[in-house]
Protein chains: 4
Amino acid sequence: MTLAAEVGYAGLTIEGIAARAGVGKQTIYRWWPSKADVLLEAGAVKADRYVSVTDHGSYRGDLRAFLEASYELGNLPQLAEVLRALMAEAQLDTEFGDRFRAAFLDRRRDALAVITSRARDRGDLPDRPDMATVADIVFGTIWYRVLATREPLTAGLADDLVGLLAPAEGPR
Amino acid sequence: MTLAAEVGYAGLTIEGIAARAGVGKQTIYRWWPSKADVLLEAGAVKADRYVSVTDHGSYRGDLRAFLEASYELGNLPQLAEVLRALMAEAQLDTEFGDRFRAAFLDRRRDALAVITSRARDRGDLPDRPDMATVADIVFGTIWYRVLATREPLTAGLADDLVGLLAPAEGPR
Amino acid sequence: MTLAAEVGYAGLTIEGIAARAGVGKQTIYRWWPSKADVLLEAGAVKADRYVSVTDHGSYRGDLRAFLEASYELGNLPQLAEVLRALMAEAQLDTEFGDRFRAAFLDRRRDALAVITSRARDRGDLPDRPDMATVADIVFGTIWYRVLATREPLTAGLADDLVGLLAPAEGPR
Amino acid sequence: MTLAAEVGYAGLTIEGIAARAGVGKQTIYRWWPSKADVLLEAGAVKADRYVSVTDHGSYRGDLRAFLEASYELGNLPQLAEVLRALMAEAQLDTEFGDRFRAAFLDRRRDALAVITSRARDRGDLPDRPDMATVADIVFGTIWYRVLATREPLTAGLADDLVGLLAPAEGPR
DNA sequence: ATTTAAGCGAGACGGTACGTCTCGTCTTGAA
DNA sequence: TTCAAGACGAGACGTACCGTCTCGCTTAAAT
């Protein structure tokens, strides 16, 4: 990731990774099928450590915590750079795309599913939208800002989403 | 686009494009700075023709029409493939990213802004979320499905979004 | 040939040749199928320039002149080194062997054949051995010294061969 | 030698030899410094067994027997292939060249020297050419045919050489 | 009607990274 | 303790494209 930050993903080469690691090219090829997989392993480990799904007593609280933790991650410039590169590579190389989905995207969806399932069990979850759409909205906005607008993920956005997806009980 | 469909974007080369066009490489370089820009010109033209922003009398109606038209586009396999490639390239090549944003992404946001502005003028627009967040949600979900889950953009998703962003007046 | 002299044929690489020539690898591959062919072209040109087949009036005189010129060539350390490498490569790569035979070995035999044919026409050529065997002996001894014993090709050897293959008329 | 016959000397690797022998690479390296030395050991053993230097009563007879035995060996396709490879390797790797000379080439010269020495003691040896040149001619023609023309070593060639080097007494 | 010049196809060029191969050394684990 | 199995650092291989650069041929305008 240090090297990626220095030269950018486009300038990253297997040859360069090997040289920086003080290692033969073959050793890289022995363990990872492409430079994207090298980064994926680094990125996945890093992301996994972060976002927790501790119980905050309510869907609203859980969702807000999840969003805040996720946004914090997405706002780390170095990690965001890696995520952009991985998502790009996933479009260009179908097989890597499958691995990326399995190792990263699906795991993040599963983490969110823990929260929505808990809410459903608690009777806390609105009828609509269903869990899948919630995930599409939550992750869609994150990725859209990371990939397309490159604007930071703000607390205001989190407020808006919590307001939409887990409306306060009172006003009803 | 025919060639891109045959060999995939990853397999696309300027050399190949020139050969297919029966043209010297230099001629391609004379007119476009990269292979992505060649596709961008093809893709942008195509997408512009589609989505209209005709007035349907209500924010709800306008939004539903916009979503349906956009989803239809995003569900065209060949166009989706090109969009995936362009978004990928935009991550790898910053300068192309700027051109892509200007020539495509911002224009789609502008189209949606026509609708939300009209709703605001009409007094039809909910207080929250604001126009920018609406755009993030609308385009975020589209791109997320195109890039990440690769699932089709369904009428159900449109229903959910319309329900959230432009709730029916009645039940309130 | 300068580079070959510096690093030895075993240390010669296409990569190195290209670098020394200030040229891309592909340019070497475009014109020669292997590093041996590069050297062959240089060596063949060099060798062709040397050995003449001028008429000296007698088979004895022609043969002695041919041997002396050939030995002089074979005693040039740099050229001998190249010839060793080419003969070696010819054993390892059959296809190069064919090219080597056509471009070098056969041409040297043809040069000698000019001399023996002239002698035959003149009635100067002994009955035995025939022209083919003469060539085998002449070139065999040269190559054997170059490849196997690495001893210089001396005037004494030339004396011996001339004595055997073109005996003086007198003593008969 | 079986493996060498299958893949050719160029395709022979230490890795392959070890695999075929069901042995670790290190074990090969422990006993031989290169793949050529492995073959040399096999080849030298084989060639030593053949050519004898039994006394046939005359230089002429001894020489003819030596040539015939040597030619028979050189006409064995599999052995010739190995000899070609060893001679090639000797050109590329100087250190192996020294070992090859000592273990093979010099021993064959020594064998011929037994014959010429015997002839000299017997007063049977012509004044010219001397023993060294005889060896150069005998082995030169063999190697030249094996390496360069790849033509078989025929009885006719033996006749020519015997006629030149050990002329019949009568006609004088 | 002849000359001139621009535009273009073709593709050679200097580079760079690819993914593969084999080298000779080093490490590991089972017998 | 030995040794097969094979990971390792190293570096050349031959290929694919990159973006730049000549080349001639065509074609249309200017003479």
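Quick one: in the protein assembly as shown, what % of C-alpha pairs are over 37 Å apart? Walk me through the intermediate numbers first.
Values: 140144 of 236328 pairs.
Summing the P(r) tail past 37 Å for the protein assembly as shown gives 59 percent.
Identify which of D:33, D:126, D:77 has the largest mean-square fluctuation in a Gaussian network model of chain D, with springs joining Cα atoms closer than 10 Å.
Most flexible of the set in this elastic network: D:33.
With θ set to phi - 60°, apply the Karplus curve 6.51 cos²θ - 1.76 cosθ + 1.60 along region B:84-91 and write out the HN-Hα couplings as whole Hz, x wherever there is a Gly or Pro.
4, 5, 5, 4, 4, 4, 4, 6
For region B:1-100, what does the relative contact order come out to in percent, with C-alpha contacts under 8 Å and a separation of six or more? Before the final figure, lay out each step's value.
Values: 63 pairs, mean separation 23.8, N = 100.
Answer for region B:1-100 is 24 percent.
Residue by residue through region A:63-71, which ³J(HN,Hα) values in whole Hz follow from phi under the Karplus form 6.51 cos²θ - 1.76 cosθ + 1.60 (θ = phi - 60°), with glycine and proline marked x?
Going residue by residue, I get 5, 4, 5, 4, 4, 4, 5, 5, 5 Hz, with x marking Gly and Pro.
Tell me, what HN-Hα J-couplings in whole Hz come from the Karplus equation 6.51 cos²θ - 1.76 cosθ + 1.60 at θ = phi - 60° for each residue of region A:27-33, using x for Gly and Pro?
5, 5, 4, 5, 10, 9, x
Work out Dmax and Rg for chain D from the C-alpha atoms and quote the Rg first, both in angstrom.
Just the Cα atoms of chain D yield Rg and Dmax of 18.4, 65 Å.
Could you please state, rounded to a whole Å, how far the C-alpha centre of region A:84-124 is from the C-alpha centre of region B:99-162?
Computed from Cα coordinates, the inter-centre distance equals 22 Å.
Picking from B:26, B:78, B:91, which is most flexible by a Gaussian network model of chain B using Cα springs under 10 Å?
Result: B:26 has the largest fluctuation of those listed.
To the nearest 20 debye, what is the magnitude of the charge dipole of chain B about its Cα centre, counting +1 on the Cβ of each Lys and Arg and -1 on the Cβ of each Asp and Glu?
240 debye
Against the longest principal axis of chain D, how steep is helix D:131-144, in degrees 0 to 90 to the nearest 10, with axes from Cα atoms?
Result, in degrees: 50.
Is it possible to state the helix-based mean residue ellipticity at 222 nm for chain D, with each DSSP H run of 4+ residues giving -39500 (n - 2.57), the sum divided by total residues, to the nearest 500 deg cm²/dmol? What is it? Intermediate values should be presented prior to the final figure.
Values: 10 runs with 118 residues, N = 172.
After summing the helix terms and dividing by the residues of chain D, the value is -21000 deg cm²/dmol.
Can you give me the Kirkwood hydrodynamic radius for region C:39-124, using every pair of distinct Cα atoms, in Å to one decimal? Write down the numbers at each step before the final one.
Values: mean 1/r = 0.0722 Å⁻¹.
Over region C:39-124, the inverse of the mean reciprocal pair distance is 13.8 Å.
Which residue, chosen from A:36, A:59, A:87, occupies the Cα position most advanced towards the positive end of the dipole of region A:28-88, where the dipole is computed from +1 (Lys, Arg) and -1 (Asp, Glu) charges on Cβ about the Cα centre?
Going by the charge dipole, the pick is A:36.
Name the chain A residue with the Cβ nearest the axis that maps A onto D: which is it, and what is the distance in angstrom?
Result for the axis mapping A onto D: A:26, 5.
How are the Cα pair distances of region D:97-172 distributed, in percent, across 5 Å bins from 0?
Reading the bins upward from 0: 3, 13, 20, 24, 20, 12, 6, 2, 1.
Can you sort A:27, A:133 by how many other beta carbons sit within 10 Å, fewest first? Numbers along the way, then the final one.
On the way: A:27 11, A:133 21.
In order of increasing Cβ crowding within 10 Å: A:27, A:133.
Give the relative contact order (percent, whole number) for chain D; include only Cα pairs under 8 Å separated by 6+ residues.
Numbers: 125 pairs, mean separation 41.0, N = 172.
Contact order relative to length: 24 percent.
Sorted from fewest to most neighbouring beta carbons within 10 Å, what does the list A:142, C:14 look like?
Details: A:142 23, C:14 14.
Placing the least packed residue first, the sequence is C:14, A:142.
May I ask for the angle, rounded to the nearest 10°, between helix A:106-122 and the longest principal axis of chain A, with both axes built from Cα atoms and the value confined to 0 to 90°?
Here the helix axis deviates by roughly 10 degrees.
Along the positive direction of the dipole of chain D (beta-carbon charges: Lys, Arg +1; Asp, Glu -1; about the Cα centre), which of D:156, D:4, D:115 reaches farthest?
D:4
Each value in this text was obtained by applying a stated rule to the coordinates, not by laboratory testing. The shown structure was predicted, so the numbers you read here are calculated from the model rather than taken from an experiment. Quick reminder, even Gly has a Cβ in these numbers, built from the backbone with ideal geometry, and neighbours come from all protein chains shown.
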